[in-house]
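Notes follow once the structure below has been shown.
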Amino acid sequence: MAFEGLTEKISSAFKHLRSKGRLTESDIKDAMKEIRMALLEADVNFKVAKDFIKTVTEKATDAEILESLSPTQQVIKIVNEELVSLLGGQTTRLTISPNPPTIVMMAGLQGAGKTTNCAKLAALLRKQQQRRPLLVACDVYRPAAIEQLKVVGKQLNIPVFDEGQGDPVEIAKHGIDFARKNGYDLVFLDTAGRLHIDEKLMDELKNIKATVKPTEIILVVDAMTGQDAVTVAQTFDEALGIDGVLMSKMDGDARGGAALSVKAVTGKPIKFIGTGEKLGDIEPFHPDRMASRILGMGDVLTLIEKAQESFDQKQAAETAKKMMAGKLTLTDFYDQLQKMKNMGSMEEMLGMLPGVDAKALAGAKIDEKQMAHTEAIIQSMTPKERDNPSIINYSRKKRIANGCGLSVEQVNKLLKQFEAMQKMTKQLTSMARSKGK
Ligand code: GDP
């Protein structure tokens, strides 16, 4: 995930301040120098970094702050507030038209992630706002684009409107008519991209905009291209006028400079971020939560939301009950693993916890491999074996190991772990019960 280096360096600047107790103006200036370097190394636009440091320095060198009881805390608070403001201030949601359908025109250069994120966003809004989305294939130039949209649409069970390689403006119009007639209240137009911005592309997009008058134009830019993404956003905004940005591939960008610069440079907010290749890997963008992640204070709110989306409360209570009675089966265990996977990668989840540093995340990657093994072993068992692991004798173990391409030792290890977990929950439960008496 983005901002790894930045988090580490800002934390180190704060650590230096903390070690001082009382602060002088020159202590603040030293810390700001460190933060400025960190921002530039994270590929933040030069002017944006300069303005940010200027504002924070002015606020932090105020006599009242320097003389306060906990000056470092105050400085951290100021940096946090300015980061939130840099990232856009308030969370900016997608505008929903009072006269459905809401029409979202998705634009972007080829490879930015427009087609996949069209589908991801449609699925997200269907889940979060109970909308009925329709995808419209207006990219008639890239031969595989229509097919790709159909593939992702099918995977997510979202219908796709297409008319083959026709006129994109007409297709957009027909798609919207189709949505109106069939009760779809949210239309995504997957428009064409090019490798570079050119006049023909812009003219076509302007034509679509003038004809269908979209509720919003969302530009998809690739976070991994750093400041180029910011330039692309600026150019599209000047030529076409955009309402917001979907920043894709945040998972692949260790620096985060584009995300930190785009609002300040273009004035247009980031509304969503793409966080991985899977079709569930998309999040609404919350500047306050992102600032908190950057400052190493975690993002517990997003983590809780992801857990709520993945876990059914009633089912979770039943599983907990079974666990306490020592009756958890490997089937339940497998179910829990699947749900955890739906929440996102271990690495991403840990990144949302306060105080987890990059080094700890390196270990989490190995755990994911372990999780895949566990899953494969359980999948290789019969339902009877999952419900009653005590029947698994040596010949069954051998069959299970062969089935998943792992060794009998690995099967043994999992069974032992599961047994130990059951024992422990039983013990904990009885301890809790006797305490309660
Ligand atoms: P388009 O040409 O703009 O329509 O781009 P595509 O939707 O075809 O995406 C290009 C590539 O980027 C595909 O391989 C996607 O799977 C990948 N991609 C899109 N969004 C993300 C993201 O948020 N993270 C990662 N890791 N890959 C992404």
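Every read-out reported here was derived from the displayed coordinates using simple, explicitly stated rules and does not represent laboratory data. The shown structure was predicted, so the numbers you read here are calculated from the model rather than taken from an experiment. We place every Cβ from the backbone using ideal geometry, glycine too, and count neighbours over all the protein chains shown.
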Note, Glu199: beta-carbon cut-off 14 Å, +1 each Lys/Arg, -1 each Asp/Glu, net -1
Cα-based equivalent ellipsoid, segment 4-86: semi-axes from gyration tensor eigenvalues, Å: 20, 14, 10
Taking +1 at the Cβ of each Lys and Arg and -1 at the Cβ of each Asp and Glu, which of Thr275, Val262, Ser292 sits farthest along the dipole of segment 257-296 towards its positive end, judged by Cα position relative to the Cα centre? Val262
Can you work out the FRET efficiency for the pair Ala376 and Phe46, with r the C-beta to C-beta distance and R0 = 45 Å, to the nearest 0.05? 0.35
Here the net charge surrounding Pro100, from other residues whose Cβ is less than 11 Å away from its Cβ (Lys, Arg +1; Asp, Glu -1), is +2
Dipole magnitude of the chain about its Cα centre, charges +1 at Lys/Arg Cβ and -1 at Asp/Glu Cβ only, in debye to the nearest 20? 2180 debye
For segment 1-98: relative contact order, % (alpha-carbon pairs under 8 angstrom, 6 or more apart): 29 percent
Quick one: net charge of Ala420's neighbours, Cβ under 15 Å, K/R +1, D/E -1? +3
Taking one equal scatterer on every alpha-carbon of the chain, how large is log10 of I(q)/I(0) by Debye at q = 0.06, 0.08, 0.12, 0.13 1/Å? -0.34, -0.59, -1.06, -1.13
Taking a cut-off of 18 Å between Cα atoms, list the aspartates and glutamates near Lys426, but don't count ones fewer than 8 places away on the same chain. Glu318, Asp332, Asp387
What aspartates and glutamates could a cross-link reach from Lys416, if we take a straight Cα to Cα line under 14 Å and drop same-chain neighbours fewer than 8 places away? none
Of the listed pairs Lys77/Lys127; Lys278/Lys423; Lys9/Lys120; Lys114/Lys268; Lys9/Lys127, those with alpha carbons more than 26 Å apart are Lys77/Lys127; Lys278/Lys423; Lys9/Lys120; Lys9/Lys127
Mean Cα-pair separation over length for segment 114-203, i.e. relative contact order, pairs under 8 Å, 6 or more apart, %: 37 percent
Quick one: work out the % antiparallel among DSSP beta bridges in the chain, nearest 5. 10 percent
Residue order, fewest to most surrounding Cβ atoms within 10 angstrom, among Asp162, Asp335, Asp203: Asp203, Asp335, Asp162
For segment 49-158, which GluC sites (Glu not before Pro) pass both filters: DSSP loop (anything but H, G, I, E, B) and at most 11 other C-beta atoms within 10 Å? Glu67
Given 0.36 nm per residue, what is the gain on full extension from Lys369 to Gln129 after removing their alpha carbon distance, in nm? 83.0 nm
Gained length - Arg396 relative to Ala239, 0.36 nm times residue gap less alpha-carbon distance: 49.9 nm
Measuring from label point to label point, each 7 Å out along Cα→Cβ, what is the Gln155 to Lys322 span in nm? 2.9 nm
Here the gain from full extension of Lys384 to Ser68, 0.36 nm per residue of separation minus their alpha-carbon distance, amounts to 107.2 nm
Run the numbers on the chain and let me know its relative contact order in percent, using alpha-carbon pairs under 8 Å that are six or more apart. 17 percent
Just rank Glu238, Glu375, fewest to most, by other beta-carbon atoms within 10 angstrom. Glu238, Glu375
